[in-house]
Structures are given as structure tokens and as C-alpha cells.
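Notes for the one structure printed next.
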Amino acid sequence: MNPEPFLQIDRVIHEKGRLAIMSMLAASAELSFTELRDTLGMTDGNVTTHIRTLQEAGYLSVTKSFQNNRPLTTCAMTPAGRKAFSHYINLLERIIQQNKPE
Amino acid sequence: MESNWAAEHLQVIRTLMERSALYRRALAPIMIFNGVVGLAAAGLGWALKVGSPHAFILFWGAVSVVALTGSFLLVRRQAIKESEPFWSPPTRRVSQAFLPPLAAGLMIGIVAWAKGGAAPGNLSDLSGVIWLPLLWVMLYGCAFHAAGFFMPRGMKIFGWVFVVGGCGLFAAGVPDWIRPLDCAHGIMGLFFGGLHFAYGVYLYFTERRRHEM
């Protein structure tokens, strides 16, 4: 078996919580912090940590604003994040393909 | 083994992407509100004997404005409460799906209103435009079915109930013993009031259970 796809897997995205955040943002232009937290059933701290990691990797952009005098944090995937996510999916597909019985 | 792991990951990604695109505001209050408005309007229309096509179309047009405004205010209140944007991508998608059939219903209503007033004979009383509420019901069902692709699964079934019910009544026709006034307001009350209210009550319990889980 070719181990190359395994070695190429992006560890930043591969973590379960971060993969969930990236998956959700891949389907929506932007999502609020609360939407991510409630849909994924994560704690505030967990979401914050994952978002920070993804932001530091350049995969997410975070916008802080106010709506009706209440703070609103929204996240969106950056072009680099979209590329990395697409690459990650391709690797998963390659792993499935190479393990398919002949 | 590795293949299973990768396939499971892809399945998780797909599920989350689908869930992300879904409209997830609580629909029970919106349904119940629309149900109450529909039932009250049907009762009011019947009590006030809103019987000419002109008055009927204007009356139910005004009711739909009240229902739409109320629904948008309820959605906005939920969004503010949860510190989320009101005009979110799922809200946009659902609104866009609703729009064509609702616009068609509005246009048909306007044309019927314009022609009905001038036309002599059967268009000048409600028995001549009894098809109109049924057409509104069917178009509304189509709107719900289209929006159902971005909402929880039950919405498509709810849309089908309107379509099948509207078509069924259209095929069955109006029995002679029912006055057109009762029939027209009855159809509007039954579908736009009764069905919304019943589904709203059902959602009230199921959505609450989902949130408690």
C-alpha cells in the first residue's frame, strides 16, 4: 500500500472538531460562532480553540462586529482554507481508491 | 480498515455540509402564529360576509401581508436572541425557494382582482372564483416543497399535503349545498389556518425534544 496519502494528510484539518468546522464552512459562505457551536454541540472554549488554530493556519477569517448592540463573531473559509480542505478530501478519496479490492 | 476510516470521514463531512446548509430556526412559533392568523381571518371573513371576489382577494391579500410580516419579525427575534445574523445564507436560500410560487400566487390574485370587478356573470361572485383559493393552496404547497430542500424533512411532506389537498378539492368540486362564501373562507381557514396550527403544535413538541437532547 502506498503510504504517501497518509503522510500528506493535513493535521490541522484532520482533528475531529476542526474538520467539523471546516466542513460546515465549506457549505456556507459564513457562519456565526453560535451557529457553529450549536450545530456541532461543542462548548464555547472548544470552538474558540479550534477557530484560533484554523485562523493561525490561515484557513479561516474571523470577523467581529456588533448587531443590535450585541457582539457578533462570524467565521468564513479563506481561499487557502478552501484549497487545503479540497486537498484533504482528495487524499481521503485516494485512500479509499487504493484500498478498493481489484 | 484505512478505507473504512476514510469513507467514514467523508460521510461525516457530507453530513456536516448538508446540516450547515439547513435552515435551523425554530419553526413552531412561526407555524402557530400563521395558523392562528389563518383561522382568525377565516372566521372574520365569514362573519363579515366578505363575499365579493374583490373584497375576498383584498381581504386575504391583507392577511398574507400580516402573516408574512409576523413571520419575518419572529425569525428576526430568534436571530437577535441567538446573536446570529438575520439574513443568513440558509434564510436567503429558503426565501429564494419560496419566492417563485408565492409571486405566481400574487400575480394570479392581482389578475383575478382586476378582471373580477369588471366581469359580469359568474366572475362577479365567489362561486366564479372558487378556484382561486385552491390555486393559492397548491402554489403555497409548491413553495413549501421547494423550501423543504433547505429545511427539515417534514416541510416537503407539509408542502405535499397542500398540493394533494388542493388538487383533491379541485377535482371533487364544490357541492351545491355549501355556499361559495363558506367554501372559499373554509378552504383558506382549513389550509392556511388549521394545517399551520396543527403542524405548529406538532413541531412545538418535537423541536423542544430535539433541543433537550
Over the protein assembly as shown, volume per residue of the alpha carbon convex hull, in Å³: 174 Å³
Where trypsin sites (Lys or Arg not before Pro) in DSSP loops with at most 11 other Cβ within 10 Å are excluded, longest remaining stretch of chain B: B:50-152
Scalar couplings 3J(HN,Hα) for the range B:29-43 by Karplus 6.51 cos²θ - 1.76 cosθ + 1.60 (θ = phi - 60°), nearest whole Hz, x for Gly and Pro, are x, 5, 5, 5, 4, 5, x, 5, 4, x, 5, 5, 5, 4, x
Checked against a 30 Å limit on the C-alpha separation, the offending pairs among A:Lys83/B:Lys156; A:Lys16/A:Lys100; A:Lys16/A:Lys83 are A:Lys83/B:Lys156
List every residue whose amide H lies under 5 Å from the amide H of A:Leu60, counting only residues 5 or more places away in sequence or on a different chain, with H placed 1.01 Å from N in the peptide plane. A:Gln55, A:Thr78
Taking every Cα atom in chain A, find the radius of gyration and the maximum pairwise distance Dmax, and write them in Å. 15.6, 61
Distribution of pairwise C-alpha distances over the range B:24-212, 5 Å bins, in %: 1, 8, 15, 20, 21, 14, 9, 6, 3, 1, 0, 0
Where the centre of each part is set by its Cα atoms, how far does the range B:35-54 sit from the range B:141-213, in angstrom? 17 Å
Can you list the residues, at least 5 places off or on another chain, whose amide H is less than 5 Å from the amide H of A:Leu72, using H built in the peptide plane? A:Ser65, A:Phe66, A:Gln67
Could you compute the FRET efficiency for B:Thr206 and A:Thr43, with r as their C-beta to C-beta distance and R0 at 22 Å, rounded to 0.05? 0.30
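Bear in mind that the values in this text are calculations on the coordinates, not laboratory data. Since this is a predicted model, take the numbers as computed values, not measurements. Using ideal geometry, Cβ is built from the backbone for each residue, glycine included, and neighbour counts are taken over all protein chains shown.
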